[in-house]
Amino acid sequence: MDLRLTLVIVLTVQTGIEAASVLTFVHDLIQNNVAGVPVIHERTQWEFDPDLGKQRRVQFEALNGKLGEDLIARLGMGVGFKGPWGTVVGRNGVR
């Protein structure tokens, strides 16, 4: 009788552990992929000045053109790049 009782207790505990691990897996899957990490849900306070945003937009458009067309062109030409340029490539692409 004691062997049966021990066997029932062991199986019950083992099933509970497996069920808990499955529930933990499902909880973590939903938390990290659907709802987001809890740090994302923290409340924050921001100083918002709509006039400052309008001023910065005017500055951006004066420097980079409407919708940043000049910025894209400058980045494509490498204007303003201060880093190393890498290896030299021959005229036909093969060195």
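None of the figures in this text is laboratory data; all of them are computed from the coordinates on show. Since this is a predicted model, take the numbers as computed values, not measurements. Every residue, glycine among them, receives a Cβ derived from its backbone with ideal geometry; neighbour counts consider all protein chains shown.
Observations on the model:
- Going by neighbour counts of Cβ atoms within 10 Å, the residues GLU69, GLU61 line up, fewest first, as GLU69, GLU61.
- Region 24-33 - phi-based ³J(HN,Hα) in whole Hz, Karplus 6.51/-1.76/1.60, Gly and Pro as x: 5, 4, 5, 4, 5, 4, 5, 4, 8, 10
- Least to most buried among PHE48, PHE25, PHE60 (fewest other Cβ within 10 Å first): PHE48, PHE25, PHE60
- Remark: spin-label model distance LEU23-ARG4 equals 2.9 nm, labels positioned 7 Å along the Cα→Cβ axis.
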